[in-house]
């Protein structure tokens, strides 16, 4: 067996060019961990921020990548025999230890989710983090027949639209670009709203005079208070994204949250495991959910992939195939 592999190593904080392709040793298996041959890795905004130097707990050099899919090649867990298809998400992957931007990854057994699927690797790689976050966010919102998604052309937004419309929920979604409106319509979104930075109140009230039952806000800090004004009285706003930053300036809960309205959140570290992801994979295979794959890059193109993501060019999920 080979003793070295190719990996995209983030050598220091900086622009995408700090991601260097290097030949590094393949990690040795140790108790509690398994070696996975990476077949695909979805890219995420958190990796962009880590690369930029906004993750103080991460030291460099580091192989980034908070998720991947692949095949077990060596394991210390009887439930993960050699040849098992697996997915892994979060758990400090790509942060405290090396992640998915490589040909192989040594991962904790507790993170590995066995899957049965016939999906191509690039499609499977587009699902774990995105769809588990979308499903968890929709579960946090609770029941309702109408949903507004802010940040609709993000990978999580597209996944949430796919799940919601698959279950008969009427969906409106925002985008800042008219060029991306068609992609939302193709994802099943009934009402596409162009977000020009002003309040969406008039556009939303034209669809739902009392407001939608729920709002999934993936833009985050900048729009959360406005979302609380848009949702119907007694409805729920779930903030699951941070496209506009982490903190709400001068947040005053009593003044800003209408009586009876709920504000909640969902973090992908709380995402459900193998059973939920297997159900999602099955729904994609059946054509109920769309994978919303934007573009596939090779490992050699990792800097180009980060530029693509950083410049907000993606509509859906960006995937790297080693």
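None of the figures in this text is laboratory data; all of them are computed from the coordinates on show. These numbers were taken from a predicted model, which means no experiment stands behind them. All Cβ positions, even for glycine, are placed from backbone atoms using ideal geometry, and neighbour counts span all protein chains on display.
Extension gain, residue 199-residue 167: 0.36 nm per intervening residue step, less the Cα-Cα distance, totals 8.7 nm. Considering all different alpha carbon pairs of the chain, the Kirkwood hydrodynamic radius works out to 20.1 Å. Nearest 10 degrees is fine. How inclined is helix 128-141 to the longest principal axis of the chain, computing both from alpha carbons? It is inclined by approximately 30 degrees.
Mean-square fluctuation check for the chain, GNM, Cα pairs under 10 Å: which of 239, 86, 73 is largest? Largest GNM mean-square fluctuation: 73.
Summed over qualifying helices (DSSP H, 4 residues or more, each -39500 (n - 2.57)) and divided by its residue number, the chain shows a 222 nm mean residue ellipticity of -7000 deg cm²/dmol. With a simple spin-label model that places each label point 7 Å from the Cα along the Cα-to-Cβ direction, the separation between residue 210 and residue 285 comes to 4.2 nm. Assign one of three labels to segment 180-253, namely rounded, prolate or oblate, based on the Cα gyration tensor with a ≥ b ≥ c the square roots of its eigenvalues; rounded applies when a/c is under 1.5, prolate when it is not and a/b is larger than b/c, and oblate otherwise. Because a/c hits 1.5 or more and a/b fails to exceed b/c, segment 180-253 counts as oblate. Mind running the shape call on segment 130-269? Use the C-alpha gyration tensor, a ≥ b ≥ c as the square roots of the eigenvalues: rounded below 1.5 for a/c, prolate if a/b tops b/c, oblate otherwise. Note, shape of segment 130-269 comes out rounded.
Available extension along the chain between residue 179 and residue 110 is 20.7 nm, counting 0.36 nm per residue and deducting the alpha carbon span.
The long axis of helix 155-166 is offset from the longest Cα principal axis of the chain by roughly 60 degrees.
Neighbour counts of other Cβ atoms within 10 Å put 301, 20 in the fewest-to-most order 20, 301. Each DSSP beta bridge with both residues in the chain is either parallel or antiparallel, and the antiparallel ones are about 55%. Is the C-alpha gyration tensor of segment 87-144 telling us rounded, prolate or oblate? Criteria: a/c under 1.5 is rounded; beyond that, a/b larger than b/c is prolate, otherwise oblate. Note, shape of segment 87-144 comes out oblate.
Put in line by how crowded their Cβ is, counting other Cβ atoms within 10 Å and starting with the fewest, 248, 280, 26 read 248, 26, 280.
The spacing between segment 122-176 and segment 1-53, judged by their C-alpha centroids, is 28 Å.
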